[in-house]
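The values are calculated or read from the model by the stated rules, or taken from the named source; none is laboratory data. These numbers come from a predicted model, not from an experiment. Heads up, the Cβs are rebuilt from the backbone with ideal geometry, glycines too, and the neighbour counts pull from every protein chain shown.
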Amino acid sequence: MTLLLVLTMNAANGNAAFHNGGTGACDGCHGAPAGSGLSALQPGTSTSEICLRCHAAARPEDCQVATSPAPPRGVPPASLTPGGDFAYLTKQYYWSEVNGERAVSPGERHGHNIVAPAYGYFPDTTLTSSPGGTYPSYALSCVSCHDPHGNYRVIDGSGTITDSGNPVTDSGSYGATPSATDAVGSYRMLAGSGYGTKGTSHNFVYDPPIAVAPRDYNRGENSADTRVAYGKGSSEWCLNCHGGMSSGKGGAHLHPSGVALGDAMARTYNRYVKSGDLSGNESTAFTSLVPFQSGDLTDVRQLAAITTSHSGPKADDKVMCLTCHRAHASAFDAITRWNTKGTVLTVNGGYPGTDAVNQGSDPGAAGGKTRAEYRVAMYDRDPSHFARFQRSLCNKCHAKD
Ligand code: HEC
Ligand code: HEC
Ligand code: HEC
Ligand code: HEC
Ligand code: HEC
Ligand code: HEC
């Protein structure tokens with residue numbers, strides 16, 4: 001068990017740690033696990049597989065972001081992190097529309113297809129490079145986005161990010177603050193300006209977002225949402241590979257990003273409870289199915305406080321890529337947080353499901369999932385959180401239902 005040998009305890013919080021926001025023990029990644037028959041990490045080896053040795057599990061918890069082996073047909077992936085479970089890449093959903101037409105939601109549409117053949121993840125066959133950019137799909141791996149050496153760090157309270165300087169002494173993902181002598185890692189060790197991997201000539205332009213996640217982030221959200229507080233740079237970071245889908249109104253993407261909600265839309269978000277119910281208020285309005293960027297905050301203490309708040313947005317908070325998408329994978333096409341293709345998210349008070357068609361469920365709405373799979377896709381929320389016939393969550397801001 002190489003895993004156990006290289007893990008240490010984080011003195012500050014007692015959690016098992018490996019990276020601590022920066023460079024972990026070199027042989028945790030560069031060494032071969034004893035007796036595994038695997039070779040040490042060499043250029044050309046599938047890097048995602050190195051990460052998945054620790055980050056995948058049959059019953060994933062904490063930082064494990066992939067259910068492996070891939071769950072069989074009818075069984076949903078089990079990791080419920082903000083980024084989402086990569087095993088959705090192995091899920092092909094088939095169904096027949098009401099008119100009898102066969103429909104499919106292929107696995108490769110459900111996430112960033114990180115290449116890791118040993119885990120059943122292959123390059124995207126349709127999108128051969130990042131839409132709106134040029135990142136080649138054959139080279140997409142965990143280290144396309146995460147710096148394996150955790151060199152990007154936050155060095156002061158105003159969110160200055162560098163890739164060298166004061167040593168990284170803690171994770172930057174949970175609200176630890178940099179001091180005059182010590183830095184913290186970037187949020188989720190995400191890579192920043194100037195970063196590139198060996199497999200491509202592609203270089204990043206934007207620094208990682210300043211953001212804070214709660215410690216307990218891999219869990220069902222029926223009783224409480226897992227709230228990541230996204231601050232400065234969250235809208236821009238994805239543009240490192242999707243530059244053409246940028247920002248403002250009239251951009252190449254179907255939706256603006258990095259744009260402030262303004263008074264009227266913030267008010268709609270705060271009042272919107274579900275289809276037909278606009279009786280909500282700001283203090284309880286937040287849902288992690290439709291998160292937003294908290295202004296341009298760079299103070300991690302302020303962001304940490306937001307992780308335990310249920311409040312909806314202020315006028316200067318922003319719509320961002322992760323409002324609609326997950327970073328890794330989801331149960332839906334285009335890695336969306338909810339099904340943006342169907343008309344309804346619930347049917348007569350229950351989730352749609354291939355096993356509930358005789359109860360009036362529309363097969364198109366179910367998108368090839370059983371009711372139980374659909375519930376997990378909604379991060380284990382009970383359907384009673386929504387209206388009897390809940391419309392798309394675009395309405396959280398637009399209230400066109
Ligand atoms: C979390 C896994 C991980 C850990 C821990 C790790 N490495 Fe790496 N390292 C990688 C990966 C993946 C690559 C290949 C990066 C690429 O494809 O561009 C790499 C590449 C390298 C390279 C060659 C490319 C370069 O950036 O110059 C060196 C040298 C290196 N690592 C040294 C180290 C040392 C020294 C340590 C311990 C202090 C370490 N690594 C810890 C994953 C890791
Ligand atoms: C030897 C086991 C091991 C390997 C190999 C490993 N990780 Fe981790 N990783 C962990 C553990 C344990 C944690 C949670 C504690 C921590 O952050 O140190 C973690 C946490 C993380 C986090 C969240 C860190 C934070 O501060 O928010 C990221 C991102 C991550 N790993 C990415 C990677 C990537 C990318 C690779 C491959 C290049 C990799 N890991 C390889 C064990 C590992
Ligand atoms: C396309 C970029 C991208 C790729 C590829 C990617 N990640 Fe991430 N990852 C992110 C972002 C962005 C977040 C933060 C998500 C959030 O908080 O909403 C994240 C979050 C995480 C976390 C924290 C838990 C979570 O899911 O929120 C871990 C651990 C992690 N990534 C590991 C990995 C590993 C291991 C791989 C490869 C198997 C990988 N990532 C591939 C962008 C990426
Ligand atoms: C390192 C480059 C890179 C970064 C950074 C990156 N992506 Fe991607 N993205 C890709 C590539 C390559 C593809 C096409 C291959 C694939 O989908 O697996 C892609 C595809 C997508 C798709 C289409 C998925 C589908 O199959 O329909 C979405 C949506 C997406 N990315 C959203 C995001 C968001 C949101 C972020 C920021 C959290 C982000 N990307 C950051 C490289 C990147
Ligand atoms: C308001 C919700 C929303 C926001 C905000 C948003 N997207 Fe999307 N995105 C979608 C939906 C819905 C689709 C699928 C519809 C489609 O295929 O056009 C999609 C599709 C995509 C695709 C796949 C396009 C293709 O050609 O297959 C990519 C890549 C993507 N988004 C990236 C991004 C990035 C990067 C950002 C931030 C700059 C972003 N999105 C912001 C909702 C959103
Ligand atoms: C977090 C809030 C939020 C969510 C959720 C959201 N939007 Fe928007 N939407 C905005 C903002 C902000 C604007 C820009 C308004 C402005 O500048 O006047 C906008 C603008 C638009 C526009 C006008 C586009 C343009 O270029 O002017 C359309 C159409 C739209 N949204 C559709 C959607 C759809 C479809 C969804 C769901 C996939 C969605 N929105 C989800 C906040 C949101």
Looking at the range 230-318, what helices (runs of 4 or more DSSP H) fall wholly within it and have at least 3 residues that are free of Cβ contacts under 8 Å to residues at least 60 places away in the same chain? 262-271
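Residue-by-condition table, conditions (1) over 21 Å from the mean Cα position of the chain (by Cα); (2) away from ligand 3 (no atom under 14 Å from the Cβ); (3) at pLDDT below 95; (4) under 24 Å from GLY220 (Cβ atoms):
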site	(1), (2), (3), (4)
PRO71	no, yes, no, yes
ASP85	no, no, no, yes
VAL98	yes, yes, yes, no
HIS110	no, no, no, yes
Under 6 Å between Cβ atoms, which residue pairs at least 6 apart in sequence (or on different chains) link something in the range 326-351 that is among the β-branched types (Val, Ile, Thr) with a partner that is part of a loop (DSSP other than H, G, I, E, B) and within 16 Å of ligand 3 (Cβ to nearest atom)? ILE335/ARG326
From the set of residues in the range 341-396 that are surrounded by fewer than 18 Cβ atoms within 10 Å (Cβ to Cβ) and of a type in the set (Lys, Arg), which is farthest from ligand 4 (Cβ to nearest atom)? ARG388
Verdict on THR298 being crowded, with 18+ Cβ neighbours inside 10 Å and within 14 Å of ligand 6 (Cβ to nearest atom): no
So, first residue over 11 Å from VAL344 (Cα atoms) in the range 385-401, second residue assigned to a loop (DSSP other than H, G, I, E, B) and away from ligand 4 (no atom under 16 Å from the Cβ), Cβ within less than 6 Å, six or more apart or across chains; the pairs are ASN395/ASP401; LYS396/TYR272; ALA399/TYR272
Exactly one of (1) more than 16 Å from ligand 1 (Cβ to nearest atom); (2) under 19 Å from ASP163 (Cα atoms); (3) more than 15 Å from the chain's Cα centre (by Cα); (4) crowded, with 18+ Cβ neighbours inside 10 Å is unmet by VAL205. Its number? (4)
